Amino acid sequence: MISKQELMQQIKGRIIVSCQALQHEPLHGSDIMAKMAIAAEQGGATAIRANSKEDIIAIKKVTQLPVIGIVKRDYPDSDVFITPTLKEVQELLEAKTDVVTIDATSRQRPGNFSLEEMVNYIRHQSKAFIMADISTFEEGVMAIELGADFISTTLSGYTSYSPQIEQPDFDLIERLSKLRKVPIIAEGRIATPAQAKKALELGAFSVVVGSAITRPQLITKRFVEEVTLLNRNIT
């Protein structure tokens, strides 16, 4: 497994590509995500963020890039869906992901497992690094105190109490980066190279780009909406 120093050297100031497709999406399938990871690597990505044990195993077979793993799963008693329980953590460990990513928001987890219990379990079961997906500054501080190796701004705008904005949460990225405690990974609604550059200028250690690269249905929709708007203005 890659060392933390090697991982940090590899991703610092660079682009991580999120290769994910849920069951209802047209590109769903581990074989397709593996090919997407190859394409991302050829484009210069320095790590891959992937969802599910199956996708991670497939991606690791075709690329040497480090994998930041998550398992998205819905539970009826909680809004937490990114690696919500120890079951999902164990799946990531079995897939030999380099980084285990967990929801580190203040919301109640399924089964009432605490964030501290999740972190301690990972520390005792493997040498994988821990990435904490947060939605607010306070959650980021708490995740740092609990010992997360990386903090990601992924969930800003996806909890009811975080800023509901269309742009990336640049303020959150900047505030957490100024703490200079752990590497801050900018993620969430980063749709253009200019936005990725701005996140790095504000102190982000690296940037995750997902939908803007790997979800063609959403990329197409953006083009169609702009052209439709133009046509309406012309007529």
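The values are calculated or read from the model by the stated rules, or taken from the named source; none is laboratory data. What you see is a predicted model; the values in this text were computed from it and never measured. Counting neighbours? That spans all protein chains shown, and the Cβs are built from the backbone with ideal geometry, glycine included.
Taking Lys35 as the residue in question, decide whether it is farther than 15 Å from Val100 by Cα, surrounded by fewer than 17 Cβ atoms within 10 Å (Cβ to Cβ) and of a type in the set (D, E, K, R). Spelling it out, Lys35 is indeed farther than 15 Å from Val100 by Cα, surrounded by fewer than 17 Cβ atoms within 10 Å (Cβ to Cβ) and of a type in the set (D, E, K, R). Among the residues of region 191-222, those that are among the β-branched types (Val, Ile, Thr), within 19 Å of Pro26 (Cβ to Cβ) and free of Cβ contacts under 8 Å to residues at least 60 places away in the same chain comprise Ile219, Thr220. Entry remark, region 90-105: residues being under 23 Å from Gly188 (Cβ atoms) and either touching a strand residue (DSSP E or B) at 6+ places or on another chain (Cβ under 6 Å) or of a type in the set (Lys, Arg) (or both) number 8 in total.
Looking across region 93-129, the residues that are touching a helix residue (DSSP H, G or I) at 6+ places or on another chain (Cβ under 7 Å) and part of a helix (DSSP H, G or I) come down to Leu93, Glu94, Leu115, Glu116, Met118, Val119, Tyr121, Ile122, Gln125. Just one of the listed residues (Pro84, Pro26) is surrounded by fewer than 19 Cβ atoms within 10 Å (Cβ to Cβ) and farther than 19 Å from Pro183 by Cβ, and it is Pro26.
Pairs meeting the criteria (first residue in region 131-143 and surrounded by fewer than 24 Cβ atoms within 10 Å (Cβ to Cβ), second residue of a type in the set (A, V, I, L, M, F, W, C) and outside any helix (DSSP H, G or I), beta carbons under 8 Å, at least 6 apart or on different chains) are Met142/Ala104. Within the option set Val80, Val89, being β-branched (Val, Ile, Thr), under 17 Å from the mean Cα position of the chain (by Cα), within 24 Å of Glu116 (Cα to Cα) and part of a loop (DSSP other than H, G, I, E, B) holds for one residue only, Val80. Of the residues making up region 14-37, those that are within 20 Å of Gln64 (Cβ to Cβ), out of contact with any Asp or Glu (no Cβ under 6 Å at 6 or more places or on another chain) and not polar (S, T, N, Q) are Arg14, Ile15, Ile16, Val17, Cys19, Asp31, Ile32, Ala34, Lys35, Met36, Ala37. Do we find that Ile68 is in contact with a Lys or Arg (Cβ under 8 Å, 6 or more places away or on another chain), within 27 Å of Lys221 (Cβ to Cβ) and β-branched (Val, Ile, Thr) in this structure? Judged against the criteria, Ile68 is a match.
Ser177 meets each of the listed conditions (1) surrounded by 14 or more Cβ atoms within 10 Å (Cβ to Cβ); (2) among the small types (Gly, Ala, Ser); (3) at pLDDT below 95 apart from (3).
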